[in-house]
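Student: Sharing a structure, written as C-alpha cells. Questions coming.
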Amino acid sequence: MSGAWTPYPYPDRPRFDGAGGPEWPLSLGSMQALPQVIETEKPYPIKAVIFYRTNPVRSGAHSARWQAALAKLDLLVAIDIRMSETALLAHYVLPESHFLERDDAISVAGDTISIRQPVVRPLHDTRPGYEIVRALAEATGVGEYFQFSMRDYNNKMLEPHGWTVDQLNELGVVRVAATPFDYTKLPTASGKVELVNEAVARAGGTRVVSWVPPRTEPEGDRLRLLHGHVPVHTQTYTQNNPQLHALMPENELWIHPEAARARGIRTGDLVEVANEYGRERLRARVTPGIRPDCVWMAHGFGCGVPQQRLAYGKGANDSALYPILMTPVAGALGQGEATVTVRRVGA
C-alpha cells in the first residue's frame, strides 16, 4: 500500500519499545496502530477483532489501509446501531439497540449525575450493548464475570453517594456534593505548575514543550489538508439522520481565492482532492477564511455504505487522505501531516 509506515518520526530522540518499555509510554494503547500490528504480526498475530461503536475505516486515517488490514482477519465482529464502513467488512454484525431503546451507564459531568432511560421498546431484533457483551462472555466461558445487569451496575456506581437508580429515574438529574479542587497545591512533584517535566523527558519526550516542525510542507501545486468538525453532525454518525442531513447534506472544500484562481475553481465546482493515500470528490467553497496554502473540509462525510441511503456518496471522506501516524510518547493520532493536489473535475 502507498505511504510508508513511520511509527516514530524522531530518530534522534530516545524511544521506549521492546525491552525498554512501550513505544508510547504515556498511552494505554493506540487503536491506530492496529493496521500495522495486523500487517506485521508484531508483537503477536491478531486473528480476530471486535469493534464496539467505532468506525475506524472512516473515522481513523488512511481508510484504504484499514480496509486492507481488516480483510486479513479470520474474524471481524462489529457491534453498532447502524451499518458502518467497518461493519460492512465484518463477518458478523451484532445490532445494538438504539439509545432511545436501552438503558445506559450513568453519566457524570462535574457534580451532575444523569441517566438515560429507554423511551420505546426496540423496534427490531436488537439488544443493548451490555447484553451482547454478556452473551459473548457466557459463550466463551467467562460468563461468571458478567453476572449483573445495567441496573445493578448503576446502583453500585450510585451507592457511595446514597442514591439509587429508582431515585435517579424519577428525578432524571441529580447534583452531588463535590469537594472544590485545591489549586494551591497541584499533583506534581513540586506542587506547582511545572513547565519542565522530567517524567515526559524520561518517556522519550522533551523536558519543555517545544515546537516540532511539520514533516510535510505544501510545495509546488500541493496544499496542506486541514479538517474540523461542525455543530450539525457528530463524527461520522449522524449524516444519515433526515433532519440533520437536511441541514447539512455534504461537506465542502474551503479554498482561498488565490489558490482557486490558479486552478480555475469557483464556488460550487466539483473538485478532486488527491494524494498518495487516496482521492475524494466534493464541491468547492472559495473563501478568504482559509490560508492560501491550505484547504479545509468537515470530517465525517463521504459515506461508503449503500444502506445509508441519504448519506451515501455525499461529500468527501477526509480520513482517506491522511496517513496513519501516531504522535510520539502519547500515541495520539497525528493528523495534519498531509498535502494534496486539487483540480476541477472536467478541467
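The values are calculated or read from the model by the stated rules, or taken from the named source; none is laboratory data. Computed from a prediction, not measured in an experiment: that's the story for all the values here. Virtual Cβ from ideal backbone geometry, glycine too; neighbours counted across all protein chains shown. Accessible surface is based on the protein model in full, side chains and every heavy atom, while ligands, DNA and RNA are left aside. Shrake-Rupley method; radii C 1.70, N 1.55, O 1.52, S 1.80 Å.
Student: Mind checking the per residue accessible area of segment 284-330 for me, 1.4 Å probe, whole number of Å²?
Tutor: 35
Student: Restricting attention to segment 102-190, which chymotrypsin sites (Phe, Trp or Tyr not before Pro) occupy a DSSP loop and are surrounded by at most 13 other Cβ atoms within 10 Å?
Tutor: Within segment 102-190, the qualifying chymotrypsin sites (Phe, Trp or Tyr not before Pro) (loop, at most 13 other Cβ atoms within 10 Å) are F148, F181, Y183.
Student: Hey, can you grab everything whose amide H is under 5 Å from the amide H of R343? Only 5+ residues off in sequence or another chain; H modelled, so Pro and N-termini drop out.
Tutor: HN-HN under 5 Å from R343: E272.
Student: Counting each DSSP H run of 4 or more residues in the chain as -39500 (n - 2.57), what helix-only mean residue ellipticity at 222 nm follows after dividing by all residues, to the nearest 500 deg cm²/dmol?
Tutor: -5000 deg cm²/dmol
Student: Hey, another quick one. Please build a GNM for the chain, connecting alpha carbons under 10 Å apart, and tell me which residue among H233, H256, H124 fluctuates the most.
Tutor: Among H233, H256, H124, the largest GNM mean-square fluctuation belongs to H124.
Student: Taking the DSSP beta bridges in the chain as the whole, what percent of them are antiparallel, to the nearest 5?
Tutor: Percent antiparallel among DSSP bridges in the chain is about 50.
Student: Leaving out same-chain residues fewer than 8 places away, which lysines sit with a Cα under 23 Å from that of K47?
Tutor: Qualifying lysines at Cα under 23 Å: K72.
Student: Determine ³J(HN,Hα), in whole Hz, for all residues of segment 61-74 in sequence, where each value follows from phi through the Karplus function 6.51 cos²θ - 1.76 cosθ + 1.60 and θ = phi - 60°; x replaces Gly and Pro.
Tutor: 9, 6, 3, 5, 5, 4, 4, 5, 5, 5, 5, 7, 6, 6
Student: Excluding residues on the same chain fewer than 8 positions from K156, give the aspartates and glutamates whose Cα lies under 19 Å from its Cα.
Tutor: Qualifying aspartates and glutamates at Cα under 19 Å: D103, D104, D111, E131, E144, D166, E170.
Student: Let me ask another. Tell me, what HN-Hα J-couplings in whole Hz come from the Karplus equation 6.51 cos²θ - 1.76 cosθ + 1.60 at θ = phi - 60° for each residue of segment 86-103, using x for Gly and Pro?
Tutor: 5, 4, 5, 8, 6, 6, 9, 10, 9, x, 8, 5, 4, 5, 7, 10, 9, 7
Student: Further question: Output wanted: per-residue J couplings in Hz (rounded whole) for segment 221-234, from phi through Karplus 6.51 cos²θ - 1.76 cosθ + 1.60, θ = phi - 60°, x for Gly and Pro.
Tutor: Using θ = phi - 60°, the values come out as 9, 8, 10, 6, 8, 10, 9, x, 10, 10, x, 6, 10, 10 Hz.
Student: State the percentage of accessible surface on the chain attributable to carbon and sulfur atoms; use a 1.4 Å probe and exclude ligands, DNA and RNA.
Tutor: 56
Student: Using only Cα atoms, tell me the angle between helix 129-139 and the longest principal axis of the chain; keep it within 0 to 90° and round to the nearest 10.
Tutor: 70
Student: Considering only protein heavy atoms, what per residue accessible area in square angstrom results for segment 159-269 with a 1.4 angstrom probe?
Tutor: So segment 159-269 comes to 70 Å² accessible per residue, rounded to a whole number.
Student: Mind checking segment 107-192 for trypsin sites (Lys or Arg not before Pro) that DSSP puts in a loop (not H, G, I, E or B) and that have at most 12 other Cβ atoms within 10 Å?
Tutor: Within segment 107-192, the qualifying trypsin sites (Lys or Arg not before Pro) (loop, at most 12 other Cβ atoms within 10 Å) are K185, K192.
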